[in-house]
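As structure tokens, the structure follows; a few thoughts come after it.
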Amino acid sequence: MDEKWLAGVDIGGTTIKMAFISQKGGIIRKWEIPTNKNEKGKHIPSDIAKSINLHLYELKQSKDKLVGIGIGAPGPVNVQAGTIEVAVNIGWENFPLRDLIQRETFLPVVVENDANSAAIGEMWKGAGNGAKNLICITLGTGVGGGIIVNGKLVHGENGAGGEIGHITSIRKDGILCKCGKKGCLETIASATGIVNLAQEELANSEDIGRLKEDYKKSQIVTCKQIFDAVKKADKTAIRIIDQVTFHLGFALANLANSLNPQRIVIGGGVSNAEDTLLIPLKEQFAQFAFPRVAEGVELVIAKLGNDAGVIGGAWLVKEALINKSKGNLVAVSESC
Ligand code: ZN
């Protein structure tokens, strides 16, 4: 019999990414649909089900071809209940995502937090490949995180494990974060945070340079402009990225001091800066990391980009269903 496929889904505020994935983690087909936020996102489960049906039909496959669906969704997720507790940007509150999609598709569904799902994707097929003790941080519009210990995600007591973006920095006059606290890492190391820091720095700095000149004219600055200016040794840009990598290195080193990971994977749009970010970050990390911890860990840029979430979703459903059923079979045969 042909090998069955896994479906991976990654729900974002603007688009929903979907893919059919082989059991070895290869992408067979991937596509995306817009996130329909009308009526507090209530149409999303049926949009996902219809889209999966359509793509199976185009590939001349029946629903039996799929083992199940693994979904990464924003917000704190109750993994056992399959519900999304709050996803402000979509409008969900205690939203029974797993049950609604199961009802629409008649397939088994696993639901996980989106940053956790991306971390699992990187562990399986990306930059974390082979590492069972892994910290994954996504520097995008916000800062997401996933922590894997002994190959398993850390969910914590009530699903908020791995919220690296809300580690509070030592900047006392920190900016207010959307979680309600001040000085969260997200307010400094996300794309939005970097731009905020840059605006503050550009408004106050006496330096002259290309970045400052461009900002004077347009009053706009982007993350890419800042990293490009660092490469050209622009003093203001270097000072901005020094602040970012200081706080990021401080938070990651202290996290590593507690967890002793093998790898720290840095993903999200900001990580496109690659070495311009990674080299100063490694320096900052080294000064705060416990020597034994620093020896055991490698800081790397994520490899899967936007595919991490769908690949992670596929792994989660494979793990939950195939490996579990294999376990049951072993148990049955042993008892016979
Ligand atoms: Zn926060």
Among the residues of segment 167-193, which ones are among the hydroxyl-bearing types (Ser, Thr, Tyr) and assigned to a loop (DSSP other than H, G, I, E, B)? 169, 190
Unmet requirement for residue 48, which otherwise passes all of (1) buried (at least 19 other Cβ atoms within 10 Å of the Cβ); (2) more than 18 Å from residue 159 (Cβ to Cβ); (3) within 16 Å of the chain's Cα centre (by Cα): (3)
With the requirement that a residue be modelled with pLDDT under 95 and either polar (S, T, N, Q) or at positive phi (or both), what does segment 83-93 give you? 89, 91
Residues of segment 159-183 being in contact (Cβ under 8 Å) with a residue 12 or more places away in the chain and more than 9 Å from the ligand (Cβ to nearest atom), in sequence order, are 159, 160, 161, 162, 164, 169, 170, 171, 174, 175
Residues that are assigned to a helix (DSSP H, G or I) and not hydrophobic (A, V, I, L, M, F, W, C), drawn from segment 20-54: 38, 39, 40, 41, 45, 46, 47, 50, 51, 53
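Hand me the list of helices (runs of 4 or more DSSP H) wholly inside segment 194-298 holding 2 or more residues that are surrounded by 14 or more Cβ atoms within 10 Å (Cβ to Cβ) and touching a Ser or Thr at 6+ places or on another chain (Cβ under 9 Å). Walk me through how you get there before you give the answer.
Values: elements: 210-218, 223-231, 235-259, 275-288, 291-296.
In segment 194-298, the matching helices (runs of 4 or more DSSP H) lie at 210-218, 223-231, 235-259, 275-288.
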Starting from segment 305-320, keep only residues that are within 14 Å of residue 16 (Cα to Cα), then list their pairs with residues that are in a helix (DSSP H, G or I) and aliphatic (A, V, I, L, M) whose Cβ atoms are within a distance under 6 Å, requiring at least 6 positions of separation or different chains. 308/118; 309/118
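Looking at segment 1-29 only, could you name the residues that are β-branched (Val, Ile, Thr) and over 16 Å from residue 101 (Cβ atoms)? Walk me through it before giving the result.
So in segment 1-29, the residues β-branched (Val, Ile, Thr) come out as 9, 11, 14-16, 21, 27-28.
Residues satisfying the conditions are 14, 15, 21, 27, 28.
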Please verify whether residue 101 is in a helix (DSSP H, G or I) and more than 23 Å from residue 133 (Cα to Cα), treating the condition exactly as stated. yes
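Give me a count of the residues in segment 108-118 that are crowded, with 18+ Cβ neighbours inside 10 Å and either outside any strand (DSSP E or B) or on the phi > 0 side of the Ramachandran plot (or both). Reasoning before the result, please.
Let us first name the residues in segment 108-118 that are crowded, with 18+ Cβ neighbours inside 10 Å, namely 109-118.
So of that shortlist, the ones also either outside any strand (DSSP E or B) or on the phi > 0 side of the Ramachandran plot (or both) come out as 114-118.
The qualifying residues number 5.
This table checks each residue for (1) within 16 Å of the ligand (Cβ to nearest atom); (2) of a type in the set (Gly, Ala, Ser); (3) surrounded by 21 or more Cβ atoms within 10 Å (Cβ to Cβ).
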residue	(1), (2), (3)
141	yes, no, no
151	no, yes, no
157	no, no, no
185	yes, no, yes
Residue list for segment 128-137, restricted to those being surrounded by 24 or more Cβ atoms within 10 Å (Cβ to Cβ) and in contact with a Leu (Cβ under 8 Å, 6 or more places away or on another chain): 128, 135, 137
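The values are calculated or read from the model by the stated rules, or taken from the named source; none is laboratory data. Worth saying up front: this structure is predicted, and the values here are computed from it rather than measured. For neighbour counting, all protein chains shown are included, and Cβ atoms are generated from backbone atoms with ideal geometry for every residue, glycine included.
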